[in-house]
Amino acid sequence: NEKAADAKLEPAELEAARASGTATEQKESARAALDAAKSAADWKAAIEQAVALVGGHPLGKLDESEIEAARVSLAAQEKKESAQALLQAAVSSREISDLEAAIADAIDAKVEEADLQPARTKLAEEQAKKKARGSLQAAVSSRLIADLQAAIKEGNDAKLEASELQPAEIALKDE
């Protein structure tokens, strides 16, 4: 990313920009760094560099709206990163309620659909397993052959463990 590379300055370059530039040049450098930060891979560092370009006192040299836009962008990116971490944790936990909450937070944080997909897939898998467990329990209670067969198939389709299918299989053999 060319903008990301432009946003990263060496300490010597940063000092040179501070020392040699006029207030207008510093302001323009800060604006350019803020713009680059919006698409930079290391956006936190890029925003910090943009603020540093104006001597650490951006409000005196940049318009409040420019600084506020950077703050909003930074907050949105932090919210997105937090939501992505929650998605990963929810996928690992395989808890339906955790997955639902993490997906809702991620949507609110405008996480990319591609990043949501693993959680959506895991949620669908876990919901299918929950439904299959309910069907197995009901079938074992009813002891009806058709219900037992359907519940076993549903459990297999949901990729339940063999130990979860065993009570229904035993009941089917008994009937």
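The values are calculated or read from the model by the stated rules, or taken from the named source; none is laboratory data. If you're wondering where the values come from, they're calculated on a predicted model, not measured in any experiment. In this analysis, Cβ positions are derived from the backbone assuming ideal geometry, glycine residues included, and neighbour counts consider all displayed protein chains. Remember, those area values only see protein heavy atoms, side chains included, never the ligands or the DNA or RNA. Shrake-Rupley method; radii C 1.70, N 1.55, O 1.52, S 1.80 Å.
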Residue count, region 86-100 (criterion: more than 12 Å from the chain's Cα centre (by Cα) and either free of Cβ contacts under 8 Å to residues at least 12 places away in the same chain or open to solvent by less than 80 Å² (accessible area, probe 1.4 Å) (or both)): 5
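Considering only residues that are part of a helix (DSSP H, G or I) and out of contact with any helix residue (DSSP H, G or I) (no Cβ under 7 Å at 6 or more places or on another chain), which ones fall in region 157-175? Steps first, please.
Just the residues of region 157-175 that are part of a helix (DSSP H, G or I), to begin with: 157, 162-174.
Those that are part of a helix (DSSP H, G or I) and out of contact with any helix residue (DSSP H, G or I) (no Cβ under 7 Å at 6 or more places or on another chain): Asp157, Ala162, Ser163, Gln166, Ile170, Lys173, Asp174.
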Answer from Asp115, Asp35, Asp108 - the residue that is out of contact with any Gly (no Cβ under 8 Å at 6 or more places or on another chain), open to solvent by 50 Å² or more (accessible area, probe 1.4 Å), modelled with pLDDT under 85 and not small (Gly, Ala, Ser): Asp35
Of the residues that make up region 150-161, is at least one open to solvent by less than 70 Å² (accessible area, probe 1.4 Å), over 38 Å from the mean Cα position of the chain (by Cα) and modelled with pLDDT of 95 or more? no
Residue identified as open to solvent by less than 80 Å² (accessible area, probe 1.4 Å), acidic (Asp, Glu) and more than 12 Å from the chain's Cα centre (by Cα) among Glu164, Glu175: Glu164
Among residues belonging to region 118-134 that are under 21 Å from the mean Cα position of the chain (by Cα) and not polar (S, T, N, Q), point out the one that is surrounded by the fewest Cβ atoms within 10 Å (Cβ to Cβ). Ala124
